[in-house]
1. Testing Tyr108 on (1) assigned by TED's automatic domain parsing to the domain that holds Val546; (2) closer than 30 Å to Met323 by Cβ; (3) touching a Phe, Trp or Tyr at 6+ places or on another chain (Cβ under 7 Å); (4) at pLDDT 95 or above, one condition comes back false. Which one is that?
2. What number of residues within the range 466-517 satisfy the criterion of being over 16 Å from the mean Cα position of the chain (by Cα), under 26 Å from Asp556 (Cα atoms) and among the polar types (S, T, N, Q)?
3. Among the residues in the range 279-286, are any closer than 30 Å to Glu368 by Cα, more than 14 Å from the chain's Cα centre (by Cα) and within 16 Å of the ligand (Cβ to nearest atom)?
4. Report yes if some residue within the range 262-270 is in contact with an Asp or Glu (Cβ under 6 Å, 6 or more places away or on another chain), more than 16 Å from the ligand (Cβ to nearest atom) and assigned to a helix (DSSP H, G or I); otherwise report no.
5. Residues that are within 16 Å of the ligand (Cβ to nearest atom): find the helices (runs of 4 or more DSSP H) completely inside the range 44-160 holding 2 or more of those.
6. Just give me the residues in the range 421-452 being part of a helix (DSSP H, G or I), away from the ligand (no atom under 16 Å from the Cβ) and without any contact (Cβ under 8 Å) to a residue 60 or more places away in the chain, in sequence order.
7. Look at Gly348 and say whether it is more than 18 Å from the chain's Cα centre (by Cα) and part of a loop (DSSP other than H, G, I, E, B).
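The values are calculated or read from the model by the stated rules, or taken from the named source; none is laboratory data. Quantities reported herein were computed from a predicted structural model and do not represent experimental measurements. Note that each Cβ is placed from the backbone with ideal geometry, even for glycine, and that neighbours are counted across all protein chains shown.
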Amino acid sequence: MKRPSTPLKAVRPRFVPLALAAIVAAGCEGGPDAATSADAADLVLTDGRVVTVDASLPEAEAVAMRDGRIVAVGTSDEIRAYVGEATEVIDLAGRLAIPGFIEGHGHYMSLGRSKEILDLMDVTSWEEIVSMVEQAVAQAEPGQWIEGRGWHQEKWASIPEGSVEGVPVHDMLSAVSPENPVRLGHASGHAAFVNEAVLEAAGITGDTPNPPGGEIVMDANGDPTGLLRETAQGLAGRARSAYPNDATTPEERDAAFRRQVRLAGEDALAHGVTAFHDAGSGFGTIDRFRAMADAGELPVRLYVMVRGESLESMRDNLGDYFMDGHADGFLTVRSIKEQIDGALGPHGAWLLAPYADLPTSSGLNLEEPEVIAETARIAVDNGYQLNTHAIGDRANRETIDIYESVWEEVGVDGASLRWRVEHAQHIHPDDLPRFAELGIIASMQGVHGTSDGPWVLKRLGRERAENGAYKWRTLTDMGVVINNGTDVPVERISPVASFYSTVSRMTAEGPFYPEEALTREEALETYTINNAYAAFDEDDLGSITVGKYADIAVLDRDILTIPMDEIPEAQVDYTIVHGEVRYRR
Ligand SMILES: [Zn+2]
């Protein structure tokens, strides 16, 4: 195995045991101006409730940070010894400080781009979408593309007459946008809705065959409705690329990229997120991330999964792209993202048996199992982790089968590779224990359980929903490491919202199998130390521990103790990354 060397890790400061830190702290006690320039902290938090997620000192009052790392954790009196002339001191006034939230699965650049197009996440009717597009058309040049994302038919109060498979046809939308191509992404990211101008530009007619792994939805007359599922979205994507709205020169594209990185970062930081697992970027995007990381310009730490590269390109390049904690831990590349199926909402999740509400379909297999198996071999060869999107029970089974058989074939200890199943949403009861037995990480999203809850039974029927859907408690009790996150921009990036879902399982229509909830302490672990572990980062991130990077979130109320229904109101007051306050409310 030609695992690339990781020189950065070797020169990192060794983990300083807490006992030693306490001695250091005690040794510095000697009056208000005791801290010399050598041991003065850059930033100190005092008088708070610091929940560390570190069993050796679970709770403290204060933290001192210097040069991007945590140098002491203890009582306020102890930590005041680290205050020098240049130290910034924040009085937490009893507030909760926790390790910075790590977004365990999101789409960083999609989040950035989503800030520059129509936000359809909160709309409650098709008519509202049509009127938003109509207003955008009024401000657009003829021919200019109008884009949006985040609509979800299950959130609407009613579905227009004449809809096909629960989604409207394009007539109303096309009527308000005759000269402007319109492309509106589904919240899941697994479908797009387009108007007639896009259908024309993309050359999609009633005779266009479905591309492999995708579907052009047709009405009863055999005409396209405007809904493009999975890979069929690529037809509209190619038409879009042919008509750039802006950013035509390399300089403009670079500026747009940087702007979107900043916009995504602002959203993350405002929600207490200090590190972000990006579920998929190609080498070109990684090059740009690396340039920004080298210049100290990444707003949060990125754990980027390689996505969308051919097998050949991965064979040739993975070795060169391996980065472990590059640029002070701001960029790590050592994993690959694959995708075996679609999402449950648009009937794209690959199931063992047909959908309860679409008996003609068992969902979609996107990347073929043999391609994923070959990717798995390449991953092992290059010391990369493999993270496969699998939502349906068939998708989960196939993925676990691939992992298990490739490990056996190449003779590696699979558990040490920490491979993940992204979403791990609907799992056949027979396959639940296999996660624990094989040491596979379930990279789940608490908020998916509650936003999907109201319609999961419709898709799966009672038995499958009860025995295999969003099995947080069951998997945790089996000893499986579970990640947490939001899949942003599929959901908003808020860890507080996903934390609340994880501990309450509360949907708009009541609790969804609340026996599968986690405790608040467990939920905090899923969002911090578990996400760090799933990125091989537990020595540097995931807890407030001396020697680790100083990434901390301060909340305005204590989500670990306040009444359950008050959790969603919690706000982030400070977000600290690398010992620097990067967000203040
Ligand atoms: Zn995703």
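1. Every listed condition holds for Tyr108 apart from (1).
2. 2
3. Within the range 279-286, one or more residues are closer than 30 Å to Glu368 by Cα, more than 14 Å from the chain's Cα centre (by Cα) and within 16 Å of the ligand (Cβ to nearest atom).
4. No, that holds for no residue.
5. Here the list reads 108-114.
6. Leu432, Pro433, Arg434, Phe435, Ala436, Glu437, Leu438, listed by residue number.
7. yes
Yes/no matrix, rows are residues, columns are (1) surrounded by fewer than 20 Cβ atoms within 10 Å (Cβ to Cβ); (2) at pLDDT 95 or above; (3) of a type in the set (Lys, Arg):
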{"residue": "Met121", "(1), (2), (3)": "yes, no, no"}
{"residue": "Ile129", "(1), (2), (3)": "no, yes, no"}
{"residue": "Met132", "(1), (2), (3)": "yes, yes, no"}
{"residue": "Ala157", "(1), (2), (3)": "yes, no, no"}
{"residue": "Ser177", "(1), (2), (3)": "no, yes, no"}
{"residue": "Ala220", "(1), (2), (3)": "yes, no, no"}
{"residue": "Thr225", "(1), (2), (3)": "no, yes, no"}
{"residue": "Arg229", "(1), (2), (3)": "no, no, yes"}
